[in-house]
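Novice: Pasting in a structure now, in structure tokens, and then I'll have a few things to ask.
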Amino acid sequence: MEYMKGPAVSSQGCVLCCECGVPIPPNPANMCVACLRTQVDISEGIPKQVSIHFCKQCERYLQPPGTWIQCALESRELLTLCLKKIKASLSKVRLIEAGFVWTEPHSKRLKVKLTIQKEVMNGAILQQVFVVEYVVHSQMCDACHRVEAKDFWKAVVQVRQKTLHKKTFYYLEQLILKHRAHQNTLRIKEIHDGLDFYYAQKQHAQKMVDFLQCTVPSRSKSSQRLISHDVHSNTYNYKSTFSVEIVPICKDNVVCLPPRLAQSLGNMSQICVCIRVTSAVHLIDPSTLQSESEAGRGRGALRAWGPPRRETRFLRTSFPVWGAALGFTAPAVSAQNGWLSYSVQISFSRQYQDFLEDLEEDEAIRKNVNIYKASTIPVESDTDDEGAPRISLAEMLEDLHIAEDATGGEGAAMMA
């Protein structure tokens with residue numbers, strides 16, 4: 001008799017399902033998966049439809065009890081928020097996987113597919129996949145309620161420039177729009193000699209003041225006023241006011257420097273011309289072409305002799321040179337302040353046209369401003385009229401349509 005030598009092969013036996021009689025591998029419940037699911041629903045107690053609140057004004061979702069958070073569609077933050085809505089019901093099961101199911105962005109519906117496991121009859125582990133639908137309801141947050149009321153603010157930034165022209169404000173407006181410095185502003189109000197920016201938090205106002213001091217030559221001061229006081233909780237409610245005064249100088253202004261400031265700027269002449277205003281005042285001596293920039297040593301002492309581009313034509317008759325020149329007439333200059341005030345009214349349309357001309361002529365100012373191509377006006381070629389100041393096509397962005405901004409209606413400017 002011969003014996004077969006070889007490893008013994010073990011085979012798993014099958015049992016019949018106690019409900020339908022189908023052969024299945026043995027399990028603690030002695031049921032097939034289909035029959036087990038008919039007997040036990042492990043998703044019971046987990047809501048299949050949940051409400052979630054969304055503020056259309058600021059595009060934030062409500063995280064109970066009172067926190068509003070910014071979440072993009074199908075982001076990890078939004079998925080975390082959705083799972084927190086059903087966190088209590090998920091405590092009895094094991095969450096294996098969660099993910100979004102695509103829905104139309106405007107359907108007001110969010111769908112999350114969940115995979116869970118739970119131990120059922122006699123220790124059997126059952127896994128189930130199902131979808132929870134979140135219905136998005138519109139609800140205005142408290143901050144947007146205050147914005148719509150238009151009378152609630154805790155801080156105001158008062159920006160002033162004591163000058164007849166507004167070209168500096170046109171430049172400042174472009175900087176604010178480019179860097180989105182107005183996104184936390186409740187309201188922007190135009191008043192004489194400047195603008196008022198209203199904020200719901202003092203920190204936002206302080207951030208705006210820091211932005212202004214970094215972009216235009218200015219000086220600031222702050223104050224606060226007590227509105228209410230709770231003696232029980234020892235809390236105070238203040239309204240803060242920040243006053244920002246921009247140096248009253250713009251491009252093409254003739255400036256008379258104090259003697260000490262002129263000496264600190266390399267002994268340049270006291271009579272000079274402003275060639276550019278950015279974060280500093282750039283000056284040039286017309287007689288020696290010496291150029292200097294003043295960034296803070298004499299912001300309170302700088303004054304202009306007159307509005308820009310209001311020169312008088314003079315006829316030069318000195319021998320041997322004959323010709324015409326432009327200049328300012330300086331009649332009586334104050335001995336105390338060293339500056340002269342003119343009562344010349346300049347229209348806003350002329351000021352804005354002067355500002356556009358400055359953008360074409362000065363590349364240093366132009367690089368801080370977003371310039372867009374007009375879709376209705378043909379743009380001339382860069383090779384036409386060489387030598388004439390113009391903005392190249394490479395510097396222009398695609399056309400931008402602003403539906404509504406923080407300053408008012410469609411396409412409204414900060415300065416009327």
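Novice: Determine whether the stretch 97-105 contains at least one residue that is β-branched (Val, Ile, Thr) and assigned to a loop (DSSP other than H, G, I, E, B). Outline the logic, then answer.
Specialist: If we filter the stretch 97-105 for residues that are β-branched (Val, Ile, Thr), which is where we start, we get 101, 103.
Narrowing the set further to residues that are assigned to a loop (DSSP other than H, G, I, E, B) leaves 103.
Yes: the stretch 97-105 contains one or more residues that are β-branched (Val, Ile, Thr) and assigned to a loop (DSSP other than H, G, I, E, B).
Novice: In addition: Name the residue, out of Glu44, Glu2, that is surrounded by fewer than 17 Cβ atoms within 10 Å (Cβ to Cβ), modelled with pLDDT under 75 and among the acidic types (Asp, Glu).
Specialist: Values: Glu44 fails: modelled with pLDDT under 75.
Being surrounded by fewer than 17 Cβ atoms within 10 Å (Cβ to Cβ), modelled with pLDDT under 75 and among the acidic types (Asp, Glu) holds for just one of Glu44, Glu2, which is Glu2.
Novice: Can you name every residue in the stretch 227-268 that is aliphatic (A, V, I, L, M) and either in a loop (DSSP other than H, G, I, E, B) or under 28 Å from Ala280 (Cβ atoms) (or both)?
Specialist: Result: Val231, Val244, Ile246, Val247, Ile249, Val254, Val255, Leu257, Leu261, Ala262, Leu265, Met268.
Novice: What number of residues within the stretch 149-182 are exposed (fewer than 15 other Cβ atoms within 10 Å of the Cβ), in contact (Cβ under 8 Å) with a residue 40 or more places away in the chain and within 30 Å of Pro105 (Cα to Cα)?
Specialist: 1
Novice: Considering every residue within the stretch 218-227, establish whether at least one is of a type outside the set (A, V, I, L, M, F, W, C), touching a residue at least 12 places away in the same chain (Cβ under 8 Å) and crowded, with 19+ Cβ neighbours inside 10 Å.
Specialist: Checked the stretch 218-227: at least one residue is of a type outside the set (A, V, I, L, M, F, W, C), touching a residue at least 12 places away in the same chain (Cβ under 8 Å) and crowded, with 19+ Cβ neighbours inside 10 Å.
Novice: Going through the stretch 162-179 one residue at a time, which ones are within 12 Å of Val277 (Cβ to Cβ), of a type in the set (Val, Ile, Thr) and assigned to a helix (DSSP H, G or I)?
Specialist: Correct list: Thr168 only.
Novice: Does any residue in the stretch 241-259 that is under 20 Å from Gln203 (Cα atoms) come within less than 9 Å, Cβ to Cβ, of a residue that is modelled with pLDDT under 85 and of a type outside the set (Asp, Glu) six or more places away or on a different chain, and which pairs are these?
Specialist: Glu245/Lys162; Glu245/Arg299; Glu245/Gly300
Novice: Let me ask something else. Taking only the stretch 228-259 into account, find how many residues are loosely packed, with under 13 Cβ neighbours inside 10 Å and closer than 30 Å to Cys274 by Cβ.
Specialist: 1
Novice: Continuing with this model, one more query. Hey, does the stretch 112-119 have a residue that's over 30 Å from Val147 (Cα atoms), assigned to a strand (DSSP E or B), touching a helix residue (DSSP H, G or I) at 6+ places or on another chain (Cβ under 6 Å) and of a type outside the set (Lys, Arg)?
Specialist: yes
Novice: Which numbered condition in (1) part of a strand (DSSP E or B); (2) closer than 27 Å to Arg94 by Cβ; (3) in contact (Cβ under 8 Å) with a residue 60 or more places away in the chain is the only one that Tyr61 fails?
Specialist: (3)
Novice: Still on this structure, I have one more. Tell me which of these Ala143 doesn't satisfy, since it passes every other one: (1) in contact (Cβ under 8 Å) with a residue 12 or more places away in the chain; (2) loosely packed, with under 15 Cβ neighbours inside 10 Å; (3) at negative phi; (4) out of contact with any strand residue (DSSP E or B) (no Cβ under 7 Å at 6 or more places or on another chain).
Specialist: (2)
Novice: Additional query: For His106, work out the one condition from (1) free of Cβ contacts under 8 Å to residues at least 40 places away in the same chain; (2) out of contact with any helix residue (DSSP H, G or I) (no Cβ under 7 Å at 6 or more places or on another chain); (3) closer than 25 Å to Val33 by Cα it doesn't fulfil.
Specialist: Against the list (1) free of Cβ contacts under 8 Å to residues at least 40 places away in the same chain; (2) out of contact with any helix residue (DSSP H, G or I) (no Cβ under 7 Å at 6 or more places or on another chain); (3) closer than 25 Å to Val33 by Cα, His106 comes up short only on (3).
The values are calculated or read from the model by the stated rules, or taken from the named source; none is laboratory data. Bear in mind the structure is a predicted one, so any value in this text is a computation, not a measurement. FYI the Cβ positions are ideal-geometry reconstructions off the backbone, even for glycines, and counts take in every protein chain you see.
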